[in-house]
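Trainee: To start, I am sharing the structure in question, which I have written as structure tokens.
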Amino acid sequence: MAALRPPRSVSSRDSSDGSERLDGAGSWDALEWTKIEPVTRSVSHVNSEFLLEAERVIEEGHGVVLVNRDEAGTLFVTNFRLLFLSDGTRNIVPLGTIPLATIEKFNKMVVKNQSAPRQIDRSPTRRLLQIIGKDMRIIVFGFRPRTKQRRVIFDALLRCAKPARIWDLYAFTCGPSKFSKPNSKVRLLNEYFRLLGKDSHCASVSMVEEGSFTLSNDLWRISNTNSNYTVCSSYPFALIVPKSISDEEVIQASTFRARCRIPVVSWCHPGNGAVLARSAQPLVGLMMNMRSNADEKLVASLCTQLVDGKGSRRKLYIADARPRKNALANGAMGGGSESSSNYFHSEIVFFGIDNIHAMRESFARLRDYLDTHGATSSDGMSSFLRHGGSTWGGGNLSSMSASVSTLGDSGWLIHVQSVLAGSAWITARIALESASVLVHCSDGWDRTSQLVSLANLMLDPYYRTFAGFQALVEKDWLAFGHPFSDRIGMPSVSGTSFDLNRQSSTGNLSSSPVRQSSGSFTPQTSNTSHAQNNYSPIFLQWVDCVSQLLRMYPFAFEFSSTFLVDFLDCVLSCRFGNFLCNSEEEREKCGIHEACGCLWAYFADLRSLEGSSHAHYNLFYDPLKHNGPIFPPAAALAPTLWPQFNLRWACPSESQAGELEAESRSMAIKFSELLKAKEAAEMKAKEYSVAMETLEAELRNEKRLSSSAMNLAQRASKESAAIKRAILSLGCRVNYTSNGDCTVDVESNPTESQEKSMQSPPRKESDGTKERDDNSDLSVSVTVVSDDVSSSPLGQVCETLCPLRTRDGSCQWPSAGCAQLGSQFVGLKANFDAFDHLSIYDSYFESN
């Protein structure tokens, strides 16, 4: 972790207050601010493990109360977020911790106690700081009186929450780290190749630099005419256009569309050949009589021939996302809408979706409603206790109905339903009628992006996977120039050395405000009207629509609602560089890809740590169940509040609508663990089985060896008996000693009963001859040796000992046991020096 800059301490804290802890009060008026214990220790160093990479503490305030939860703690302002650390648990409180970029606005508030009549109010005022977030939360912090802590925190927020330069954002301070990413242009080309059926081709950086990516199929081609963003600065460098339209005609057609955003292909149906195209409004003027041959030819090229074998051309629907009256009003500024009489085989449809200002106001009303009627609110009071329970929980049915109607008055769900219905209509036209659809609004980067990307999600199951969702967002939101900096309320690229002007059209109506350049981008701070007028939760609303589809089709999406919440939080926090700036051109000139980290790489790293058990995976995903388009019927397009996102702060218990999913995930994790344990047990059993088989084989081998040894022992016993009988037939007696030697006593006269037994001393063999003893008695030493002494022990016996052997080497007793046995393991070594004195052949084997 990067080294932390020592935080500046607040020296103006009043240390003379009492040491009693704050007791929960339940509202602003009941808070006893003078009883908060001043925390004098510096915790920024002790809890540095809570800080992210390159995050540093700028200011801190002690003894601060989070009014929403009536909890005391320490409030830190870092270069990335507002961080609240509980004094009780010493842990981060999620409700009180919000990224600086997620803060929409903040205000200082002063609340006085309500004293009794005719009573002098001598208690100090309550000094509060209200934080309003873009993620549907309203936070209120209370500060101790007679201190300057609130001013210090407020000034730090002024400096850090709304930076004047884009370079001051945390994403640039943190850098790419390990979450780097490949070139976004390469990923866009790969998606284009997939749409054109050229999956075998793989894009590369050199292909982008050389401009050699102009592939085509039978109907469509990839054009590089905007590679330098000269045709349209808010469009991507590569465009899919009809193959029959030349680059010169593309340039000519650009002059007839607002912001030069010409009709281009966003998605191609792989089966019926229909396409989903997008553009900005045509510049038909107040009288709606302006025309462009190049634009009409380009739009007509979207109506390719049907694949029915009849040669008929498909129908073209031009879907205008605006209400009809708004489209007519734009004609006064040079804009307007198409006329079906000017465009071949076309039909104009208006969806009636309101503009960004209506969406911003609707979102604010919904946020206020949830804060007022939630379980806990920013004033620290539960909705069940407010005004004696008359508004919600006191059993007043009319008040409860009025509260519900307030939710309807916000209009948020109506807007969500309008976007869902428009996208479902587009999906049905393309998939069921084989018709092509051209979608536009005013500038073609807000409502158009919502409708086109949501229709893509319904049409193509690939976009309902992790990889496909990334490709969809990068194509229809980032590459096609949704102004994220303006809509999120972050600074753009003003103050840089280059001038990034919105592309101006060059045509006959150059005096039209729509056709004129909007000038260089100005810093967007909380005080500028530009930021106030252009901030709008358009992308948040689209993600809300995706969550509604996920609720209706839980088996169709690889990702979960938790992924959508985390994804939206990262977008709003500006922690990564993916969603900075207003267009692809601006991100390229700012060097976003090299200077900042990648959100997609971050999520991929998180999922790789836990695998399919990660919370971002949808446990119910079945790619075979919905392997084609999904068509939500009108009856199903009744959206509800997205609990995981909209209710998580105001109604934390009720926001666990995904509790069933969490429980299922826990069960799935346990099941996965059991499967792993089963696999481990099976592997162990297999090892035991192999070990048993090995032991059985060894046991069989031992039995075989034992049987062989017994057989050898029996044969040896027989041979020993035969040898013993042969020796006894000589009138000898065999005596065995403890060291394995045996002594054979030979009688001098076989008729005598007395035996002379003496052991012959060891003999020295110097020249290979054996010394002879003069004694008449003969002593023979026979030693039992192993098999390796002689290769044929029986032969040795026959050659040196056996009295039945003739002088020519033949045996006189061929039927004897010793002659019948073919192998021996007992060898005999004998010294028969005196055997020459015996007349064995004459004395013992005389013929009868």
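Just so you know, all these numbers are worked out from the coordinates, no wet-lab data involved. Bear in mind the structure is a predicted one, so any value in this text is a computation, not a measurement. Note that each Cβ is placed from the backbone with ideal geometry, even for glycine, and that neighbours are counted across all protein chains shown.
Trainee: Note down the net charge around GLN252, summing +1 for each Lys or Arg and -1 for each Asp or Glu among other residues with Cβ under 14 Å from its Cβ.
Mentor: On the way: positive: ARG257, ARG291, LYS297; negative: ASP247, GLU248, GLU249, ASP295, GLU296.
Surrounding charge for GLN252 is -2.
Trainee: Let me ask you something else. First obtain the Kirkwood hydrodynamic radius of region 274-367 from its Cα pairs, then insert it into the Stokes-Einstein equation at 10 °C and 1.306 mPa s, and state the resulting D in µm² per second as a whole number.
Mentor: Details: Rh = 15.0 Å.
Using the Kirkwood radius from Cα pairs, D works out to 106 µm²/s.
Trainee: Of the trypsin sites (Lys or Arg not before Pro) in region 253-295, which ones lie in a loop per DSSP and count no more than 16 other C-beta atoms within 10 Å?
Mentor: ARG291
Trainee: Name the residue from ILE592, SER655, ALA721 whose Cα lies farthest towards the positive end of the charge dipole of region 578-724, charges +1 on Cβ of Lys and Arg and -1 on Cβ of Asp and Glu.
Mentor: My answer, from the dipole projection, is ALA721.
Trainee: Can I ask one more? Rounded to a whole number of µm²/s, how large is the Stokes-Einstein D of region 546-629 at 10 °C and 1.306 mPa s, given Rh as the Kirkwood radius over C-alpha pairs? Can you show the working numbers first?
Mentor: Working: Rh = 14.6 Å.
In µm²/s, the coefficient rounds to 109.
Trainee: Right, next: Amide H neighbours of VAL439 under 5 Å, counting only residues 5+ apart in sequence or on other chains, H built in-plane at 1.01 Å?
Mentor: Placed amide hydrogens put ALA277, ARG278, SER279, ALA319 under 5 Å from VAL439.
Trainee: Please list the non-local residues whose amide H lies under 5 Å from the amide H of VAL57, H modeled 1.01 Å from N, same-chain partners needing a gap of 5 or more.
Mentor: It is ARG5, by chain and number.
Trainee: How much net charge surrounds TYR553 when only other residues with a Cβ under 10 Å from its Cβ are counted (Lys, Arg +1; Asp, Glu -1)?
Mentor: Surrounding charge for TYR553 is +3.
Trainee: For GLU104, what residues show an amide H to amide H distance below 5 Å, using hydrogens built from the backbone and excluding near sequence neighbours?
Mentor: ILE132, GLY133, LYS134
Trainee: Could you compute the net charge surrounding GLY73? Neighbours are other residues with a C-beta less than 10 Å from the C-beta of GLY73; K and R count +1, D and E count -1.
Mentor: Around GLY73, the charge tally is 0.
Trainee: Also, quick follow-up: If R₀ is 30 angstrom, what is the calculated FRET efficiency for the pair LYS325 and LYS105, using the beta carbon separation as r and rounding to 0.05?
Mentor: 0.45
Trainee: A follow-up question, please. For region 645-698, I need the span (max minus min coordinate) of the C-alpha atoms along each principal axis, in Å, sorted largest to smallest.
Mentor: 72, 13, 12
Trainee: Of LYS475/LYS589; LYS105/LYS178; LYS108/LYS148; LYS105/LYS148; LYS185/LYS297, which pairs sit farther than 23 Å apart, going by alpha carbon to alpha carbon?
Mentor: LYS105/LYS178; LYS185/LYS297
Trainee: Just to check I understand the Karplus step: with θ = phi - 60° and J = 6.51 cos²θ - 1.76 cosθ + 1.60, what whole-Hz values come out for region 706-711, glycine and proline as x?
Mentor: Residue by residue, region 706-711 yields 5, 4, 5, 5, 5, 5 Hz.
Trainee: If you don't mind, there's one more thing I want to ask. Rg(Cα) of region 418-467 divided by 2.2 N^0.38 Å?
Mentor: Taking N as the residue count of region 418-467, the ratio is 1.13.
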